[in-house]
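See structure below.
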2 protein chains.
Amino acid sequence: MAKTVSPPELALSGRPPGRGLAGWLYSELRSAILTGRLTRGTRLPASRDFARLHGIARGTVVAVFERLQAEGYVSSRVGRGTWVNHEMLRTAAPHAAGAAPEFARRIIAGYARPKALRGLAATPPRPFQMGKPALAEFPARVWARLAARRARRLGAWLRLADDGRGYRPLREALAQHLGLTRGIHCHPDQVSLVSGTQQALDVLARFLVQPGEPVWMEDPGYFGAAVALQNAGAQLVPVPVDREGLSVAQGLEQLARPRGIYLTPAHQFPLGVAMSAARRLQVLEIASRVGAFIIEDDYDSEFRFEGRPLPALQSLDRGSTVILVGTFSKTLFPALRMGYVVMPSSLTDYFLAFQHRTQLCSVHLDQSILCDFIVEGHLGRHIRRMRNLYAGRLACLAESARRQLAGLLEIDAVRAGLYTAAYLENGMTSADAERAAFALEVDALALDRFTFKREDPRGLLLGFAAFDEKSLRQGVIQLAQALEPRTARRR
Amino acid sequence: MAKTVSPPELALSGRPPGRGLAGWLYSELRSAILTGRLTRGTRLPASRDFARLHGIARGTVVAVFERLQAEGYVSSRVGRGTWVNHEMLRTAAPHAAGAAPEFARRIIAGYARPKALRGLAATPPRPFQMGKPALAEFPARVWARLAARRARRLGAWLRLADDGRGYRPLREALAQHLGLTRGIHCHPDQVSLVSGTQQALDVLARFLVQPGEPVWMEDPGYFGAAVALQNAGAQLVPVPVDREGLSVAQGLEQLARPRGIYLTPAHQFPLGVAMSAARRLQVLEIASRVGAFIIEDDYDSEFRFEGRPLPALQSLDRGSTVILVGTFSKTLFPALRMGYVVMPSSLTDYFLAFQHRTQLCSVHLDQSILCDFIVEGHLGRHIRRMRNLYAGRLACLAESARRQLAGLLEIDAVRAGLYTAAYLENGMTSADAERAAFALEVDALALDRFTFKREDPRGLLLGFAAFDEKSLRQGVIQLAQALEPRTARRR
């Protein structure tokens, strides 16, 4: 027979002001059970007695007992009263706050930071950070107006059908926009909306690559793609990049039958070169011949300041080997979290099914706002404005560098993108130059961060898009100080 | 010496009306090169001659030649003219539209649809579909007002700092909300915003599991979790679910030292039972002892129509083994694409680093709207309203079923969630009942879809949240017809 709890054992701590009676009683009893003050098998006093003892309405006590019973802390049977559940265990002793449980220690032990990010610390916005476009120039009022209009229609809009690829009118507008600006031929059903380049690369790598399959990777190249491919088990085959982009001949020498090829043909990351037409045709021919896919990362392609934008590699592809990835993070703003994948038509349904395993997509309010933004001509206008702005900023950077950095650092001749590569002429390694710049509060990433097998290209990456000309000039002066030979600086 | 092209070889097709001269000429020449009409080494006429021959301004011709040169189609040197690039290759013969390239055929051959989705076709919204809450009842006007207010401040807002976990004030509001409604103890830094449950499960599985590691999985259980875990290489160990949730004793018999445990303690998917307190403590004790993680999928927990919501398993966890996953897809609307992960504090930084490899998160406008929605009390109000509404809908379904489905199908006694399990009493298998229902335009998923090893539970899942009482009653009548024994129906 279970023993009945005597009043002292059930001393309840004072009820905090404002706390409801039932909630307080429930948590007192629950805590008494969990901490073992009420051991298993212990019988609680009858609700009538309990109520009288503690000066509580009986209905409240009954409700609390029922709740404890519903949650399994106590059992009860007519005529036998209520007792602390026999199966109840004590919980483990509390860990010290923040102490890592065993499974967490395993994960921590296995963690390695990607080379591209190693030793990087967060800094306030300052030249020559790379991640952001000129957010101050974004037409936020236009966006706000479109957002408010769409939001007012949210009720009806919430019940739209959704096939998982994203808002159909946006995919139509995007297919047309890509046709006009990038020469891409695609049906809106080939377009899937995703939440940015990294998500696209991650899901594509897992969709396209089986563990152990070799994939050509530009060297130096985009580390986000390398991480995504390696996460999927790909064997990376670094292929050197020269002035015409990835060297197809060297790729063939290293591994003649890749299962896939990752490329940034419009504006190679990080060197900035555009892939030549001859190389483009070669790489398409090889992909068709060996049965490989090509991921064309079209990042940054909108911003060429000399000549016109090069059409996408996909526009030349007759073999349906190219999968195009693009993003609005740089043309509009990163917080939009919107990118797209253009898939060969034979794979669209399979890709959609695979995406559903990793992330249930749905039609999203921002998609409808972006749709209006494109259809009403704001996107084209914004890109043209930014192209002029960025061209001016790059010209300012190049001109300042010519004056201040002669013999130390030479800005590459490519006039495109939101950042530029620059090559050291002072004998420093990339890493030393990065450190020296950082010490004078200038962010200039070492090109060496983005190499796989090749030696240090001895250069820095300078982002210019997000900074006005005054900041850029000031940044160049700081950078010149950082890169001056020590002997000169000591004088 | 390269031969010069004679005029007939360069016959240009007529310029379409409205097409700019330079664009037209560029695409004609490019196409002539790509199709091989202009073979490599062929020299183009001098720009002056070319302009005269075709009646085009010389400046236009020069600009087009320069563009072709910039893109690598032609080469040019002073005194030697312009010729089609030697390295230029022919492109592969065009594939038939939609024909699958080799890499695509490999993927298609390896594709298998998850059992839970096999043979499912899309249908119009109708009882008893499960995916959606009562979208018509969502306070869309309130949301629109908050959205417009936030969108007006977009300009300043875009430049907010962002640590990758999501909008800090929302994480604070959420930590407080989870404390009040789910008994969860957490710091806002333990909360990461994600784009829904499936993304959370996918990234958690990859973060927590090494290929081949065994994970206990509820049987029957949530197929989305199974897919995510299997994608990450986990070895699933199905453990039967009974009236108290996952049977810990049977789990221990099958595999005593799992590396992880996946649970839906609040409202088991698909059976709907709540995990008993005794089982909760057992499973926590085991996880601490063997060094396993627990993923607590808190889906649906807000909607209990009898008694109060059970506190989350995480609220009992002294060993920091529980990782909680939740979503706003069911409490608010799926298109919000917003979920959250509450990580033990020892792992928050590592989890964030891992997330960056799969998806660069950023502070998102919807996050600020949701923040206002919570802080201004709309979330609590909406959940209370929906709880009443759904309780009424479930009561209506249960009452209709009692009258119409006696001897055919019995609605489970659990009063919670947006759907209910119901058990067949007419001798049909789950799959037969699903087919019969579908034939009469009623969607009722077979419980058998969600089993791993155990035998068919002979039941259906009925979603009720998104349907008004009239539709539910009509659905029950249809369902009764579908489930009646054939002999009875023939009479």
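Annotations for the structure displayed:
- Evaluated at q = 0.09, 0.17, 0.19 Å⁻¹, the base-10 log of the normalised Debye intensity for segment B:128-264, with identical point scatterers placed on the Cα atoms, takes the values -0.43, -1.14, -1.23.
- Semi-axis lengths, Å, segment B:337-491, gyration tensor of Cα atoms, sqrt of 5 times eigenvalues: 40, 21, 13
- The orientation-averaged projected area of the convex hull spanned by the Cα atoms of segment B:199-325 comes to 6.9 nm².
- Measuring r between the beta carbons of A:Ala353 and B:Ala136 and using R0 = 25 Å, the FRET efficiency lands at 0.25.
- Taking segment A:296-335 and a reference point 7 angstrom along Cα→Cβ of A:His185, the backbone N atoms nearer than 14 Å belong to A:312-322.
- Calculated on the alpha-carbon coordinates, the convex hull of segment B:287-329 measures out at 73 cubic angstrom per residue.
- Each copy carries B:Glu137; placing its label point 7 Å along the C-beta direction from Cα gives inter-copy distances of 5.0 nm, listed from smallest up.
- Dipole magnitude (debye, nearest 20) for the protein assembly as shown, charges at Cβ of Lys, Arg, Asp, Glu: 1680 debye
- Residue closest to axis [chain B; rotation mapping onto A; Cβ; Å]: B:Ala148, 2
- Our helix-only sum for the protein assembly as shown, with -39,500 (n - 2.57) per DSSP H run of n ≥ 4 divided by its residues, gives a mean residue ellipticity at 222 nm of -12500 deg cm²/dmol.
- Value of Rg/Rh across the protein assembly as shown [Cα atoms, Kirkwood radius]: 1.02
- Taking the DSSP beta bridges with both ends in the protein assembly as shown, the antiparallel portion is around 60 percent.
- Ordered by the count of other Cβ atoms within 10 Å of each Cβ, fewest first, B:Phe464, A:Phe351, A:Phe305 give A:Phe305, A:Phe351, B:Phe464.
- Estimated FRET transfer efficiency (A:Ser31, A:Arg402; beta-carbon r; R0 56 Å; 0.05): 0.20
- Spin-label model distance (nm) - A:Arg77 vs B:Glu469, 7 Å beyond Cα toward Cβ: 4.0 nm
- C-alpha center-to-center spacing [segment A:421-480, segment B:157-192] in angstrom: 36 Å
- Dimensionless Rg/Rh of chain A - Kirkwood Rh, Rg from C-alpha atoms: 1.15
- Computed about the Cα centre, the dipole magnitude for chain B is approximately 2000 debye when only Lys and Arg (+1) and Asp and Glu (-1) carry charge, each at its Cβ.
- B:Gly110 label point (Cα plus 7 Å toward Cβ) to equivalent points in the other copies: 2.1 nm, shortest first.
- Tensor-based shape of segment B:218-293 (alpha-carbon gyration tensor, a/c under 1.5 rounded, otherwise prolate or oblate): oblate
- P(r) of segment A:203-250 over all Cα-Cα pairs, binned every 10 Å from zero, in whole percent: 30, 48, 21, 1
- Using a 7 Å Cα-to-Cβ projection, A:Leu389 label spacings across copies, nm, ascending: 4.2
- Among the listed pairs A:Lys330/B:Lys330; B:Lys115/B:Lys330; A:Lys115/A:Lys330; B:Lys330/B:Lys453; A:Lys330/A:Lys470; B:Lys132/B:Lys470, those beyond 27 Å (Cα-Cα): A:Lys330/B:Lys330; B:Lys330/B:Lys453
- Estimated FRET transfer efficiency when R0 is 22 angstrom, pair B:Lys115-B:Gln235 (beta carbons, to 0.05): 0.80
- Segment B:314-381, Cα convex hull volume normalised per residue, Å³: 121 Å³
The numbers here are math on the coordinates, done by the rules we state, and not lab data. These numbers were taken from a predicted model, which means no experiment stands behind them. Cβ atoms come from the backbone with ideal geometry, glycine included; neighbour counts cover every protein chain shown.
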